[in-house]
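For reference, the structure is listed below as C-alpha cells.
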Amino acid sequence: MEKARQKLIVALDFPSLEPAFELAQSLAHLVCMFKINIYLFTAAGPAAVEKLRQLGSEIFLDLKFHDIPNTVSGAVSSAFSLPGVRLLNIHALGGLDMMRAAANVRDTSKLPGPQRPKVLGVTILTSMDNAALKNVGIAGPPAKRVVSLAKLAKKAGLDGVVASPEEARAIRRACGKDFLIVVPGVRPSVEGGSGRASKRLKDDQARYATPAKAIRDGADFLVVGRPITAAPDPVAAAQAILDEIASALP
Ligand code: C5P
C-alpha cells in the first residue's frame, strides 16, 4: 500500500484553511502530497502551505502561473521559498521563454538538489474538450496539442507536465521515462467493477479515466479532488482509490 500512497495527491479545493486542514489531518496517512490551488491559496495565502506542512505532508502548489517570463520567474522564486513544496506548475501555453525562465529559477536555486521543487507545465486543462479548444482558437484534438506542449515543456527544461490520463501513454512515449506525468481528471470505477470511470462523478472534467488506467498508462502521480473531498466518507473513498492504484502497480 505504501507504493500506492506515493502516487496519490489529494486536491484540497476549499474556501478556507480550517476545513482543508481538518480533512488533511484525516487523510495524511493515505496520501503523499496535498494540492493547494488558486481557490484555497487566494483565500488563505502562504499560511495554507505552512500549516499543511505541519502534518509532514509535501505540497503540490497548483497556482498555474501564466504571465510574462519576468513575472513568472518572480512568482516561481517566491514559491521556492515556501516550506515543503515538492511540485509547482506554470501554463505551457505561456511559451518556451516563459517556461525557460521558470526552469532557470530552479537551476539557480540555493536549495539543495533534492529539496528543489519540480516545475511542471500544465498542458490543456482536463475540463476542455475539442469544442472548448476550438472556441479559444486552438486546433484539436486535445491529445495532439497536449503531446506537442509536453515536448515543448521538455525542451524548455521543465521536469514534467500536468495532463489528462487519456494522454499519459502518448506523453510517456514522446518524452521518455524520466519525464513526470501528473494527472487530474481521475474518477473511480463504477460500482460493480466494470473497469469504466464513473460518469455520475465526472463533475466538470471532460477527459478523465480510472486510477488503474491512469497508472497502467504511465502516470507518476494522480490528483484526486471531489471523488474524495466530497465523498460521504473521504477516508473510505481515498482507501478505495488506493486499492485501485495498487491493483495496477507492477
Ligand atoms: O475534484 P477534481 O478531482 O476534479 O479536482 C481536480 C483538481 O485538479 C482541481 O484542484 C483542479 O484545479 C486541478 N486540475 C485539473 N486540470 C488540470 C490541472 C489541475 O482539474 N489540467
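The values are calculated or read from the model by the stated rules, or taken from the named source; none is laboratory data. The model shown is predicted, which means the values in this text are computed figures rather than measured ones. Here the Cβ positions follow ideal geometry from the backbone for every residue, glycine too, while neighbour counts run over all protein chains shown. Surface areas here come from the heavy atoms of the whole protein model, side chains and all, with no ligands, DNA or RNA. Shrake-Rupley method; radii C 1.70, N 1.55, O 1.52, S 1.80 Å.
Scanning segment 203-250 for residues that are open to solvent by 40 Å² or more (accessible area, probe 1.4 Å), basic (Lys, Arg) and either without any contact (Cβ under 8 Å) to a residue 40 or more places away in the chain or within 11 Å of the ligand (Cβ to nearest atom) (or both) yields a count of 2. All told, residue 185 meets the bar of being surrounded by 17 or more Cβ atoms within 10 Å (Cβ to Cβ) and at positive phi.
Of everything listed in (1) outside any helix (DSSP H, G or I); (2) more than 13 Å from the ligand (Cβ to nearest atom); (3) under 19 Å from the mean Cα position of the chain (by Cα), the single unmet condition for residue 9 is (2). Residue count for segment 59-88, restricted to those that are touching a Pro at 6+ places or on another chain (Cβ under 9 Å), in contact (Cβ under 8 Å) with a residue 12 or more places away in the chain and open to solvent by 60 Å² or more (accessible area, probe 1.4 Å): 1. No other residue among 28, 47 is surrounded by fewer than 20 Cβ atoms within 10 Å (Cβ to Cβ), farther than 21 Å from residue 163 by Cβ and in contact with a Ser or Thr (Cβ under 6 Å, 6 or more places away or on another chain) apart from 28. Quick one: is residue 91 open to solvent by 60 Å² or more (accessible area, probe 1.4 Å), within 16 Å of the ligand (Cβ to nearest atom) and in contact (Cβ under 8 Å) with a residue 24 or more places away in the chain? Criteria not met by residue 91. From the set of residues in segment 12-54 that are among the β-branched types (Val, Ile, Thr) and not in a helix (DSSP H, G or I), which is farthest from the ligand (Cβ to nearest atom)? Looking at the filtered set, the residue picked out is 31.
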